[in-house]
Amino acid sequence: MNLVATEAARERAASANKRYLDVAAVTKRFGTATVLQDLNISVARSEFISLLGPSGCGKTTLLRLIAGLMKPDGGRIAINGSDLTQVPAHKRNIGVVFQNYALFPHLTVEQNVAFGLEAQRTPKAEIGARVQNALALVRMQAFAERRISALSGGQQQRVAVARALVVKPSLLLLDEPFSALDRKLRETMQIELRHLLRDLEITSIFVTHDQDEALVMSDRIAVMNEGRIEQLGTPDEVYSAPASLHVLEFVGQSTRIGGTADASALNGTASVETPLGKILAPLHDGSGVSGKVVLGVRPECIALGERPDANFNEISAELTDIVFFGSKTALHFQPPGADDRIQVEVARVPSGIAQGVALKLYWPISETMVYPAP
Amino acid sequence: MIPRLSFALCWVMLSLALLFLFTPIVIVVAVSFTESAVFSFPPQGFSLKWYYSIRNADGLLASAWLSAQVAFISTLISLVLGTLCAIAVVRRMVPGGDVIATFMASPLMIPGLVLGIAFLQAARLVGLNDAYTTLLVAHVVLTMPFIMRTVLASLSMFDFSMVDAARMLGCSYPRALWRVLVPNILPGVMSGALFAFIASFDNYPISIFLVDVHTKTLPIQLLNQLEMSPDPTVAATSALLILATVLALIVCDRLVGLKRMTTI
């Protein structure tokens, strides 16, 4: 995400209602297993937040708790100041787009979209116009009379979005809505949905295990692991300053190098002894690390060649693979004595390099991340 | 060569199967219109007198009415109990659901004679002397497998997140079941009910142990009739039953579509 968009997202989050949706100290247990423990998250009005994490991290459980399809064992959920914890699902006025869309096959497209309005006893005269409006939003007017089984996956998703939005929900929940689409269509739908929701200024929570999806779509991302939120931040923050080793591993590509940190951190810089030599890393929060640590570097930060000055780390490693992606090429290096390979991304492969040669690599010390080893 | 041969074989098999299925029906219907007083084919002349004689034949109408009652009431009871049971099994509301489902469907795998004797002894044991009630209980057991199998099949294909979707759109849980679950499993339930009704209506091996002089179901009465006075009245009765079955199929087709019913 570019800087302007990040700034805009920040402003939006700061202005008006910062705690539109407020999830406070929510706990959920299944039998003896605790899925969520004292979880807190606040979402600002018209913000788009992603819950990102591996399967089983509790993100879907959190979504179902907010929807009211499950009851929490503790804690409180409020929208716009009113407590919803005891309100049943059908009175919460929250829209949900389900993973498999959950469209009603015995009804037409039009009847599917009208379902919520009828359930809420909207006057008949109003229903027709609102259904047409909702279908127009997702460009599906031409399919109003169709059966659901006669639609493609992308069309079904549009109908599911229209059905959720037509009742003017106070909040929209999206449960991995793109997982059933092929890659090309997914990318188109992501952008389209993002624009639609931004135009409607609807507050949305989006569950996904796909980091690319989360980075593309979100104002902020909540990276979840084992029932906790490990980091909540803009896509830029989550990518360039991961709060934990798990976040680093889960979001984006990275190279991890194990080592032992010197106890004496010199003016905010940790010195780490690794099989590749000494590597320096900045310490941001002032807390010193010592003992076993893991260093992380993003592939696009690493360059080929000798370092220009002492503000860079430099290592040398053997080139094992050249992986061509089209717009970029990934070079894989196997450093001596390290298990993890090093990934470097370049736009063009420099002439005169081939597999098997040892090359020097460097990256800025400021782009080196350091975490205590697990 | 091979594809053409298998294609030809396919048609031969189909023709034989159709011949095998339709010949008895055609013969029975033809004989029912005969003028002759004996059960002979080809029929001689044309008359409807055997249809009129159904009314006068001893106990035929009464037994038809009894069979219809038993089939209808037992199917209805199985429908309600079986559907609720199937929901509990599919949603894993009870432990050992699969075992329960298998048990409920097991009467289909036990010979009717065995079931009949078992019901007779069980009824004696608990002092149930009323033939009508005993028949009804036995036929609930008999129809249950048909309902359970079709409803379980429909439910296993039903996506319960649709119920969640209906709830999020403003339907309470019972209303969501009614608006979304019921319309989607109805074809399967209807076909199960139709098969259950037919299975009950033409059951012989179980009923034979449970009937008494005043309470005889149609299949048993028909066989008695055939033994005592083998005239084409039986053929006329059968022809009417065939007509009723065809009408029932047409009605079901109009209501839910035969295609949807048979795919489940």
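The values are calculated or read from the model by the stated rules, or taken from the named source; none is laboratory data. What you see is a predicted model; the values in this text were computed from it and never measured. A quick note on method: Cβ atoms are made from the backbone with ideal geometry, for glycine too, and the neighbour counts reach across all protein chains shown.
Quick rundown of the values:
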read-out: Conditions (1) surrounded by fewer than 22 Cβ atoms within 10 Å (Cβ to Cβ); (2) within 24 Å of A:ALA25 (Cα to Cα): number failed by A:PHE206; value: (1)
read-out: Any hit, the range B:167-177, residues being part of a loop (DSSP other than H, G, I, E, B), touching a Phe, Trp or Tyr at 6+ places or on another chain (Cβ under 6 Å) and at pLDDT 90 or above; value: yes
read-out: Boolean, A:ILE342 is under 24 Å from A:LEU283 (Cα atoms), in contact with a Ser or Thr (Cβ under 8 Å, 6 or more places away or on another chain) and not acidic (Asp, Glu); value: yes
read-out: Subset of the range A:167-215 (residues that are in contact (Cβ under 8 Å) with a residue 12 or more places away in the chain, part of a helix (DSSP H, G or I) and within 13 Å of the chain's Cα centre (by Cα)); value: A:GLN190, A:GLN211, A:GLU213, A:ALA214, A:LEU215
read-out: Unmet criterion (only one of (1) in a strand (DSSP E or B); (2) closer than 21 Å to A:ILE365 by Cα) for A:ILE322; value: (2)
read-out: Every residue from the range A:107-150 that is aliphatic (A, V, I, L, M), more than 19 Å from B:ALA166 (Cβ to Cβ) and in contact (Cβ under 8 Å) with a residue 24 or more places away in the chain; value: A:LEU135, A:LEU137, A:VAL138, A:MET140, A:ALA144
read-out: Qualifying residue in the range B:189-199 (condition: under 30 Å from A:SER170 (Cβ atoms) and within 14 Å of chain A (Cβ to nearest Cβ)); value: no
read-out: Residue match in the range B:109-126 (condition: surrounded by fewer than 16 Cβ atoms within 10 Å (Cβ to Cβ), in a helix (DSSP H, G or I) and within 11 Å of chain A (Cβ to nearest Cβ)); value: no
read-out: Looking only at the range B:159-175, and only at residues there that are aliphatic (A, V, I, L, M) and crowded, with 23+ Cβ neighbours inside 10 Å, the one that is farthest from the other protein chains (Cβ to nearest Cβ); value: B:ALA166
read-out: Test: residue in the range B:131-139 that is in contact (Cβ under 8 Å) with a residue 60 or more places away in the chain, away from every other protein chain (no Cβ under 14 Å), surrounded by fewer than 17 Cβ atoms within 10 Å (Cβ to Cβ) and within 30 Å of B:LEU222 (Cβ to Cβ); value: yes
read-out: Conditions (1) more than 30 Å from A:ALA164 (Cβ to Cβ); (2) away from chain A (no Cβ under 14 Å); (3) not aromatic (Phe, Trp, Tyr): number failed by B:LEU155; value: (1)
read-out: Pairs with Cβ under 7 Å, 6+ apart, first in the range B:1-28 and under 22 Å from B:LEU226 (Cβ atoms), second in a helix (DSSP H, G or I); value: B:ILE25/B:ILE242; B:VAL28/B:ALA235; B:VAL28/B:SER238; B:VAL28/B:ALA239
read-out: Criterion violated by A:ASP262 - all others in (1) over 30 Å from A:VAL138 (Cβ atoms); (2) among the charged types (D, E, K, R); (3) assigned by TED's automatic domain parsing to the domain that holds A:VAL161 satisfied; value: (3)
read-out: Given (1) in a helix (DSSP H, G or I); (2) away from every other protein chain (no Cβ under 11 Å), number of the condition B:ILE185 does not satisfy; value: (2)
read-out: The range A:311-340 residues that are in the same structural domain as A:SER271 (by TED's automatic domain parsing) and touching a residue at least 24 places away in the same chain (Cβ under 8 Å), paired with ones that are buried (at least 18 other Cβ atoms within 10 Å of the Cβ) and in a loop (DSSP other than H, G, I, E, B) (beta carbon under 6 Å, 6 or more apart); value: A:ILE315/A:LEU276; A:ALA317/A:PRO335; A:PRO335/A:LEU276
